[in-house]
Amino acid sequence: MRNYEYDDERRGPPALHSEKIVSDRKIFFLDLKENDRGRFIKITEDVRGSRDTIMLAMEVAKEFLEALQRCVEVDHESGGHDED
């Protein structure tokens, strides 16, 4: 497992798995974590040192992913960005 997490351990449990996406001036960190309430994905956007984070419970991760996929499909169908 590659650990791309930038947070130190004092900010919560260590990541079970991490991913990093770099796009232009933004970096996205996706960290699979677990606490006493269950597993969740911590999604952090870093723009030149300014960070915004959301926590996504695994119970809604599939629904979130499906909605995201629909957005990508609509963008593609309407002549938006090409898929990689």
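Computed from the coordinates by the stated procedures, all read-outs in this text should not be read as laboratory data. Predicted model, so just to flag it, every value in this text is computed and none were measured. Note that we place each Cβ from the backbone using ideal geometry, even for glycine, and neighbour counts take in every protein chain shown.
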Report, by chain and number, residues whose modeled amide H sits under 5 Å from the one on ARG39, excluding near sequence neighbours (fewer than 5 apart, same chain). MET58
Just to check I understand the Karplus step: with θ = phi - 60° and J = 6.51 cos²θ - 1.76 cosθ + 1.60, what whole-Hz values come out for region 40-48, glycine and proline as x? 7, 10, 9, 10, 10, 9, 10, 10, 6
Which ³J(HN,Hα) values, rounded to whole Hz and listed in residue order, are derived for region 54-60 from phi using the Karplus coefficients 6.51, -1.76 and 1.60 in 6.51 cos²θ - 1.76 cosθ + 1.60 with θ = phi - 60°, glycine and proline given as x? 10, 10, 10, 5, 4, 4, 10
So, with points 7 Å from each Cα along the Cβ direction, the GLU45-GLU59 label distance in nm works out to 2.6
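So how much slack lies between ALA67 and LEU16, counting 0.36 nm per residue of separation and subtracting their Cα-Cα distance, in nm?
Details: separation 51, 0.36 × 51 = 18.36 nm, distance 2.44 nm.
Separation in residues times 0.36 nm, less the Cα-Cα distance, equals 15.9 nm.
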